[in-house]
Amino acid sequence: MAVALAVLVCLSMLAVGGVHAVSATDTNDDPAHDVESYADIDDVEHVLDPADELYLEDDGSGVLVYTEDGDDDIDEFTLGADLGEGIAHVLIAGENDGDEDIEGGMSAALEEDAFAADGFLTMDQPPELEELDVEIVGEQTAENSEFEADIYALIGGEDGGIQQVSTAGATQAQAQQQQLFDSAGTSGDVEVGPDTFSTSGEFHVDFGDGAMADSPDEAFSFDLSETDGGYELEVSEREMTMDSMFADPVEDWETEAKAEASLEEEYAEMADELGGEVTIEIHHHEFEQQDETSYWKELDYTITYEGIQDGLEDAVVEELVDDSATDISEEEAEEIAAQITEIEIETVEFEMNSGDEIDASWEVVINDYAPVMEAMMDVSEASLEDEQADLFEDEFEDFDDMFEAQQAADLRSTFEWDATVGFTDDQRLELEATATGDSENYDDYTDELADRGIDVGEEEVTFEFNAYTEDGDVHLDGEFEVGMDDLAEEMVTSVTSVMQEESDELGSFASTLEDTELEIAKIDVDFDSETVEIEAGAKFEDTESLLEDGMLGDNVVVTQIVGDDENGDLATYVYLEDIETDDELDEDELAEAGLVDDDTEVYEPGEGDREFPEMDTEGAANFLDVDLDGDGIPGFGMAGAIVALGAVVAALLARRA
């Protein structure tokens, strides 16, 4: 949302090209303004479309008038900008054709070192949703990083059963789901330490009287570990095998010798490819025919790989060098391969028993995983084009520093979960889930980051989301806050960097936006089933940087934009000025800049009888809760941040039939 709001601010300024305030004294007494404009206007797509009308004044100023057919659904539309005060504002209100009984609102604000957003939504409770209760909260500060989520949902029809869900299609699918299982659940944890990654957990499914109730009791498990010379895999299988056109269980598994030959054939290929050896040792074997096409098989065996380490490294090197998506030399590939093979597999265990129920569990412990992460980042960086790599250069450097800081601080992050889903006695579907995330030594970690030039001491992120049913309605609400030094500057810089990369039309102007020192950008949205209102604005500390760029031709700049709903039509007024002379604007130059064409009605000085509106700066200041400087030039300014919402874009930028 913060990025979106920054985009909204930047687009507002782009809409007016080189908007800035120039007083009569500036214009007359300082003709040496260094206006950096496009060398050849023909090489750039016109920023504004030709106006419907142009009113010229003999002091070097003029007004472009654009008129759009109004929308019957829009009841109120105002747009204003005043650069002297550094403020912009827009309001759009109208009808909403929503059929449902719904109500909601959202507010977001981006300031110098903070971003905050909150919102709510209320709607009718669907008949299939019996109960809902969701709460998700979290925070990340200099001392801590944690979150917690609790979810409960009860789904069923008004008459009790989930099969009563509204549509026939849903009824059939839900009924089939009901037949597949009675209940299911999973729990587990993941822990990431400075040198160790571990995870353990389990899941369970009870099929009850469903389609899987008569399945045979089967079991499968394996345990992978690392030895001094290679890897050892212990496997246990208890399963029913079927005769088919693709497999002959008797030929493959009838005797221990046949089973050993089948296993060697299955596992020897990888050992040969890696230049090592594989050994198969069978500890238990049993094979029994059940009927004409099915056989019961029991196998316990150990597979030992030796001498494959060098082969693994060679295989990784070959894969990296031959990959056309990466630009990696053989020497670099060898270094990455050595990092990858440094990983130590302490244990990888998995066990599953199945029949009318499924019970499974796992445990994984990986040591010395850090070199693998570093190798993955090297491969990721090598996979990017030069321009992309340059764009993310700082991020890659920060990742290295962050990883070093994690190890130095002994940072440990833990994620745990527990979830169950099942049918109640009256065939309602009940879901319960919890999840938590926590960290140890996080304050030491942020200290280590600061020692490496990454200061997050003032950074804070908090969020909360709630969803619940009450009095026949579903309520959703949430809030999100970010605190960070120079947050607004970072957001604006990020957006303008992208614009410079992708837009020839706006690239040279985008860099000037970074110097405008955004004070606040804000947007409010309120709606229900019948109406919707959108209000947005922005306040800037400094707009002098915009003097350095002109996008409408030599010396011609935009000094004001005002939009209003007039007699059902949307009218937009764009005020122009020649900043170097008091001479009348040159119509040919305006035509060259694409501002007028043969269809534009031009009024010379003294012609035309039309009043032009001014911006309500006090109303904009009240909305943004800011103070006005009071020394601005009335009517001069930038387009409102709401340009990005579409209506103003249409009025100013997209009037291209």
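The values are calculated or read from the model by the stated rules, or taken from the named source; none is laboratory data. Quick caveat: nothing in here was measured; it's all calculated off a predicted structure. Quick reminder, even Gly has a Cβ in these numbers, built from the backbone with ideal geometry, and neighbours come from all protein chains shown. Ligands, DNA and RNA are excluded from the accessible area calculation, which covers all protein heavy atoms including side chains. Shrake-Rupley method; radii C 1.70, N 1.55, O 1.52, S 1.80 Å.
Ranking K539, K522 from most to least accessible surface, computed with a 1.4 Å probe over the protein chains only, gives K522, K539. The residue among G229, I282, A247 whose Cα reaches farthest toward the positive pole of the charge dipole of the stretch 201-315, with charges on the beta-carbon of Lys, Arg, Asp and Glu, is A247. Structural descriptor for the stretch 313-352: relative contact order 40 percent, calculated from alpha carbon pairs under 8 angstrom and at least 6 residues apart.
Annotation: extensible slack from F403 through V190 equals 74.9 nm (criterion: 0.36 nm per residue apart, minus Cα-Cα distance). Close amide H pairs (under 5 Å, H built 1.01 Å from N) link F612 with no residue at least 5 positions away or on another chain. Extension gain for E103 to E331 (0.36 nm times residue separation, less C-alpha to C-alpha distance): 75.9 nm. In the context of the full set of protein chains, residues of the stretch 337-423 present 55 Å² of accessible surface per residue (probe radius 1.4 Å, heavy atoms only). Between L233 and T414, how high is the FRET efficiency from 1/(1 + (r/R0)^6) when r is the Cβ-Cβ distance and R₀ = 30 Å? Nearest 0.05. It comes to 0.55. Electrostatic bookkeeping for F465 treats Lys and Arg as +1 and Asp and Glu as -1; over the other residues with beta carbon under 10 Å from its beta carbon, the sum is -4. Around the Cα centre of the stretch 410-484, unit charges on the Cβ atoms of Lys, Arg, Asp and Glu (plus for the first two, minus for the last two) sum to a dipole of about 360 debye. Which FRET efficiency value, to the nearest 0.05, is calculated for D616 and L476 with the Förster distance at 35 angstrom and r the Cβ-Cβ distance? Efficiency computed from Cβ-Cβ geometry: 0.55.
A simple charge model with +1 on the Cβ of Lys and Arg, -1 on the Cβ of Asp and Glu and nothing else charged puts the dipole of the stretch 219-377 at about 420 debye relative to its Cα centre.
To the nearest 10, the accessible area of Y295 is 20 Å² with a 1.4 Å probe. Among I534, I308, the sequence by solvent-accessible area, most first, with a 1.4 Å probe is I534, I308. Remark: spin-label model distance D485-Y267 equals 5.7 nm, labels positioned 7 Å along the Cα→Cβ axis.
About its Cα centre, the dipole of the stretch 407-454 is roughly 220 debye, where the only charges are +1 on Lys and Arg Cβ and -1 on Asp and Glu Cβ.
Separation of the stretch 91-115 from the stretch 321-364 is 47 Å, based on Cα centroids.
What do you reckon, how do H89, H284 stack up by accessible area (1.4 Å probe), largest on top?
Listed by decreasing accessible area, they come as H284, H89.
Sorted from greatest to least, the principal axis extents spanned by the alpha carbons of the stretch 173-305 come out as 54, 54, 24 Å.
The accessible surface of the stretch 573-625, taken with every protein chain in place and a 1.4 Å probe, is 32 percent carbon and sulfur. Placing dummy labels 7 Å off each Cα toward the beta-carbon, the span from V250 to N353 is 3.3 nm.
Peptide packing: for 50-58, 319-327, 409-417, 247-255, the average count of neighbouring Cβ atoms within 10 Å per residue gives the ranking 50-58, 409-417, 247-255, 319-327, highest mean first.
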